[in-house]
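The values are calculated or read from the model by the stated rules, or taken from the named source; none is laboratory data. Given the structure is predicted, the values throughout are model-derived calculations rather than measurements. Cβ atoms come from the backbone with ideal geometry, glycine included; neighbour counts cover every protein chain shown. Accessible surface is based on the protein model in full, side chains and every heavy atom, while ligands, DNA and RNA are left aside. Shrake-Rupley method; radii C 1.70, N 1.55, O 1.52, S 1.80 Å.
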Amino acid sequence: MTNWLKRPASETQITHGQRLWLYFVATVIMILLVAPTIIVMPMSFSASQYLEFPPREWSLRWYEHYLSSPAWIDATWTSLKAGFLTMCVATPLGVAAAYGLHVSRHPLGQFFYIVLITPIMVPVILIAIAAFYVFVQIRLVNSLFGLVIAHSILALPLVLIVVSAALKSYDMNQEMAARSLGASRFTAFIGITLPQIRFSVLTAALLSFLTSFDEVIVAMFVSGGDNSTLTRNMFNALRDQIDPTIASISTIMIVISSTLLILSQLFGKSRD
Amino acid sequence: MSKQDALPISISGLTKSYGSLFALDHVDLEVKSGEFLTLLGPSGSGKTTLLMALAGFTRPDHGSIRFGDEEIVTMPPHKRGVGMVFQNYALFPHMSVAANVAYPLKLRKVPKAEAAGLVERALETVQLGGYGERRIGQLSGGQKQRVALARAIVFSPRILLMDEPLSALDKNLREQMQIELRHLHEKLGMTTVYVTHDQREALTMSDRIAVINHGRLMQLDAPRRIYERPANRFIAEFIGESTFLKLERKGGRLNFAGVELEVDEVPEGRNLSLVVRPERLTILDGTDAGKTNIFPGTVKDLVYQGDTTLAYVTLADGTDIAVRAGMRSEAAIEKVKVGERVALGLKSADVVLIPDEER
């Protein structure tokens, strides 16, 4: 142990001993970040009527309650459908926008980039209110289609940012080489560029799915009835009755999101 | 691939401007069928813009480009059927060597078995036979360049374009590849347009050199002519070393610092300067005779450079001129000391005159 403290921490002269404060701060920050997420997990296995921590008795009753409730299951399907469709809309659009802005030498390119990422700069509630007013006019409130449009607006900037970053480190000459060898621009993009930025495109797709799947504010405004999302129903349930079903649903959502993120990291590892 | 398949390129009035800056300024250029033509110029001269216009990646504002009889100035790059080698290789790192080379064949829907044969042959041509299964990341710089070359020639294009393909290689490998490319061109015979800013590379490889500056074609000639008979001051400065001596015109004669110059012929027109290459001057030891121009001066500096010794001599009008003495006159130069007066000789056949330019 004392040996370890005296050894250099990396390719520097600083020892682990001198870095102890850093390890401490990093650990505290990680706990603060993760603890609120982790804490719902034991709560979901409680036998109690109410949310409590730590649970006095363990049971799976709230998982059973969730799985046997048609309302919750319908809402889950709505959320999964909305997430999947948002991914299908936002990913190609975002990739196309990132490619176009990357290749274009248009003087307004930077301006268009900022316009496209405004949805993550303005408060979501404004987008929700705006979407609600527009959707009332064109009768899209409470429709899956409207929800997917609104969620795609939120997801598109993420796709744009992730894919633009990938294109910056990609050698565009390869696409020129492919075109000189007989590939049309589209063929060159699909066959040469896309395979090399696929990790970023997958990450972007995943982020757009999660943007929709985890989203509650826009969903509060524009989803409802048969097309209520899981998050919307959870929010309502929290307001009406405090019931550990929420904790079990949260746990399931955490597992889904983490699994997807871990998968994407594994994809990233195998990219070379 | 035989020489008859090669296509001539005919460029006329080609113009491309970016704002008020002309990258190409009414360029007219004929590349002969099967010729190795080098576009030589400093960076920003327009040589790359011209190559990109040939490849189809730059759309000129005006002018025409014809491959053979076909006007291609608005044709998209993938339909032009030219092979192109890029400066940084531009290989596809997610594919094997063989898949890289097979890519143009795949696009042309060549049957697999036939394609495999063509790929292997192209790899053998660039001396990489048996490297097909390698990953791009496992190759050295020189090998990458060979793969890029194989990929550009595997579909037997009638025109081959190369954009400074050797600039990323170290000096020895670069010189070796220059010779190899030259041999390859002799073997394949496709019309080749090669871009470089390296004058030695251009002199080594080309059938003809097109010197380009400020988007204009300055001179189009065989390497020997470009070096020995530069058309203007820019070319004389850019290619090889030169000293310029300002001449006075007196009647039908030319004088330098009051001494009349022996010239084969005196061109008409404007004021002229004499272009002197350091290796064309000799340090006279009194035995030389004949039609030789003599420039007296004082030795200012002697620089030993291994294969040669360079002497800087201050002439009567105060100009410093460089004299390069190779192996032959090494003995002569060894006798020379800094501060001594010497006489420099220049044969009348080596006199190169260029018009003075307002600078």
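Among the residues making up the range B:24-51, those that are part of a strand (DSSP E or B), open to solvent by 10 Å² or more (accessible area, probe 1.4 Å) and in contact (Cβ under 8 Å) with a residue 40 or more places away in the chain are B:25, B:26, B:28. Residue count for the range B:97-118 satisfying the condition of being touching a residue at least 40 places away in the same chain (Cβ under 8 Å), within 14 Å of chain A (Cβ to nearest Cβ) and not in a loop (DSSP other than H, G, I, E, B): 6.
Given the structure, is residue B:159 closer than 20 Å to residue B:116 by Cα, within 12 Å of chain A (Cβ to nearest Cβ) and of a type in the set (Val, Ile, Thr)? Against the criterion (closer than 20 Å to residue B:116 by Cα, within 12 Å of chain A (Cβ to nearest Cβ) and of a type in the set (Val, Ile, Thr)), residue B:159 does not qualify.
Taking the range B:59-84 as the range and being in contact (Cβ under 8 Å) with a residue 12 or more places away in the chain and in a strand (DSSP E or B) as the test, the residues that pass are B:62, B:63, B:64, B:65, B:66, B:67, B:82, B:83, B:84.
Among residues of the range A:49-78 that are surrounded by 16 or more Cβ atoms within 10 Å (Cβ to Cβ), those with a Cβ under 6 angstrom from a residue that is of a type in the set (A, V, I, L, M), sequence gap 6+ or separate chain, pair up as A:51/A:43; A:51/A:242; A:66/A:249; A:75/A:230; A:76/A:230. Residues that are touching a strand residue (DSSP E or B) at 6+ places or on another chain (Cβ under 9 Å), open to solvent by 20 Å² or more (accessible area, probe 1.4 Å) and free of Cβ contacts under 8 Å to residues at least 40 places away in the same chain do occur in the range A:167-178.
Evaluating residue B:221 against the criteria (1) buried (at least 17 other Cβ atoms within 10 Å of the Cβ); (2) in contact with an Asp or Glu (Cβ under 6 Å, 6 or more places away or on another chain) leaves one unmet condition, (2). Take the residues in the range B:255-271 that are farther than 17 Å from residue B:317 by Cβ and among the aliphatic types (A, V, I, L, M), then tell me which one is modelled with the highest pLDDT. Per the stated criteria, the residue is B:263.
The combined condition, being within 19 Å of the chain's Cα centre (by Cα), under 30 Å from residue B:105 (Cα atoms) and either within 14 Å of chain B (Cβ to nearest Cβ) or hydrophobic (A, V, I, L, M, F, W, C) (or both), is fulfilled by residue A:166.
Take residue B:336 and tell me if it is modelled with pLDDT under 80, assigned to a loop (DSSP other than H, G, I, E, B), crowded, with 17+ Cβ neighbours inside 10 Å and hydrophobic (A, V, I, L, M, F, W, C). Yes, satisfied. The helices (runs of 4 or more DSSP H) found entirely in the range A:1-92 that carry 3 or more residues being more than 17 Å from residue A:246 (Cα to Cα) are A:2-6, A:20-44. Within the option set B:151, B:121, being of a type in the set (D, E, K, R) and within 12 Å of chain A (Cβ to nearest Cβ) holds for one residue only, B:151.
Contact map, the range A:186-210: first residue free of Cβ contacts under 8 Å to residues at least 24 places away in the same chain and facing chain B (nearest Cβ under 10 Å), second residue of a type in the set (Lys, Arg) and in a helix (DSSP H, G or I), Cβ cut-off under 6 Å, separation 6 or more or different chains; pairs are A:188/A:179.
For the range A:156-191, the set of residues classified as over 29 Å from residue A:207 (Cα atoms) and of a type in the set (Ser, Thr, Tyr) consists of A:180, A:184, listed by residue number.
Going through (1) open to solvent by less than 50 Å² (accessible area, probe 1.4 Å); (2) under 28 Å from the mean Cα position of the chain (by Cα); (3) in contact (Cβ under 8 Å) with a residue 24 or more places away in the chain one by one, residue B:144 falls short only on (1). The criterion of being of a type in the set (Gly, Ala, Ser) and either surrounded by 15 or more Cβ atoms within 10 Å (Cβ to Cβ) or touching a strand residue (DSSP E or B) at 6+ places or on another chain (Cβ under 7 Å) (or both) holds for residue A:94. For the range B:184-218, give me the residue count where each residue is of a type in the set (A, V, I, L, M) and open to solvent by less than 10 Å² (accessible area, probe 1.4 Å). Result for the range B:184-218: 9.
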